[in-house]
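Starting off with a structure, shown below.
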Amino acid sequence: MGKGLGFYSEIGKKTRDYLMKDYMYDQKFTITTNTNLGLGFSTTGTKAGERMVGDITTSFTHQNISTNVKIDTKSNVFTNVTIDDFAPGAKSIFSFSIPDHKYGKLEFLYDQEFGSVTCKVGLSQFPIVEASGTIGKDGLALGGEMAFDPELGRFTKYNAAIGIAKKDFNASLILFDKGDVLKASYSHTMNPTTKTTIAAEIGHTFSRNENTMIVGGLYEFDMSTIIKARLNNFGQIGALVQYEWRPKSTITFTGEVDTKALENSAKIGLALAMTS
C-alpha cells in the first residue's frame, strides 16, 4: 500500500515500541528463509518455564497477493490471504483457522493522505463487526474505533485517540476500554546520529482512580548494537541489548529486576532471530 495518513492502530505505536518492543523474558528462536521465487519459510520456538511452544509458517507472494499458512504445536492451522493495492491505497485480508472456524474474518483497509478506514467482519454465526477511522493532515491524526457484537446486541469496544507524528517526536492521547482508561505518551529523538530517544507513557484508570507510568529510552551504541532501558511506577527496571550480527539476524538479551522485591530472582530473556 502507498504511504498515507496511517491507521488508527498506529497512533502512539512508535512510543509503545520504544517502551515495549523486544522486551521478553523467555527463550525464543526464529529462523526465516526466503527465496527469489517469493516463497518463504519461518520456524519459531518459545520456551516459557518448562513449556515449549512453536509454529511453522509458509508464505508465498505473487505480484500483489500473499498467502501465509501457520501450523502450531497444538495442530491448529491459521491461514491469511492478503490482496494489496487492488485499488490505490486499498488492501483486503481474508483469514481462517482449522479446526476452530470462529476466528475467521474478512478485513478491508483503505489509507489515503487525509484519512484511513478499516473494517473487519468475523466469519461466524454471529459475526462481530469492528471498524476504525482516522482523519488528519501533516502528521496530526484524530481517530476512533468500535466493535459491535450482534449476539449480545451491544457495542463491546469504543475508543478514541489523537496523535502527532513528526520526524523527531511522537505524541498521543488515547481514551480506551470504553472510556475508562486515558493514556498519554510522548517520545523524542534527542540525537539522530545515535538514535538516542526518550519515551514516556502515563495512564489513568477512572473506575479505580489508579495511575500508571513508564519511562524509557533507546541508544544506538554502534551500527549493530542498540541498548534500551525502562522503569515503571511499580519499581520494575528492565533493560535489553540487541546485536545484529548479520543483516536481519539479531540476538537479544533482556533482563528485569523488581526493586520492591529484591529477594526474587531477576527475569532473564534470550531471543535469537536468523534470516537468510
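Just want the answer: with Cβ charges of +1 for Lys and Arg and -1 for Asp and Glu, which residue in Gln242, Ile198, Thr35 is farthest toward the dipole's positive end in the chain?
Highest projection toward the positive end goes to Gln242.
Multiplying the sequence separation of Asn264 and Tyr243 by 0.36 nm and subtracting their Cα-Cα distance, what value in nm do you get?
4.8 nm
Still on this structure: Between Met213 and Glu50, what length comes free when the chain is fully extended (0.36 nm per residue of separation minus the Cα-Cα distance, one decimal in nm)?
Net length gain for the segment: 55.5 nm.
Straight distance only, please: which aspartates and glutamates reach the Cα of Lys167 with their own Cα at less than 12 Å, same-chain residues fewer than 8 apart left out?
Candidates past the 8-residue exclusion: Asp138.
On to the next question. Of the listed pairs Lys28/Lys166; Lys70/Lys166; Lys13/Lys248; Lys166/Lys228; Lys74/Lys195; Lys13/Lys102, which have alpha-carbon separations greater than 32 Å here?
Beyond 32 Å: Lys28/Lys166; Lys70/Lys166; Lys74/Lys195.
Top mean-square fluctuation among Leu39, Leu19, Leu218, Gaussian network model of the chain, C-alpha springs under 10 Å?
So, out of Leu39, Leu19, Leu218, the one fluctuating most is Leu39.
Determine ³J(HN,Hα), in whole Hz, for all residues of region 188-197 in sequence, where each value follows from phi through the Karplus function 6.51 cos²θ - 1.76 cosθ + 1.60 and θ = phi - 60°; x replaces Gly and Pro.
Per residue, the Karplus-derived 3J(HN,Hα) values read 9, 8, 7, 9, x, 5, 9, 6, 5, 9 Hz.
Helix-derived [θ] at 222 nm for the chain: sum -39500 (n - 2.57) over DSSP H runs of at least 4, divide by residue count, nearest 500?
That comes out to -1000 deg cm²/dmol.
As an exercise, identify the trypsin sites (Lys or Arg not before Pro) in region 135-220 lying in DSSP coil whose Cβ has no more than 10 other Cβ atoms within 10 Å.
Filter output for region 135-220: Lys167, Arg208.
Excluding residues fewer than 8 places away in the same chain, name every one of the aspartates and glutamates whose C-alpha is closer than 13 Å to that of Lys120.
Those aspartates and glutamates meeting the cut-off are Glu107, Glu130, Glu145, Asp149.
None of the figures in this text is laboratory data; all of them are computed from the coordinates on show. Given the structure is predicted, the values throughout are model-derived calculations rather than measurements. FYI the Cβ positions are ideal-geometry reconstructions off the backbone, even for glycines, and counts take in every protein chain you see.
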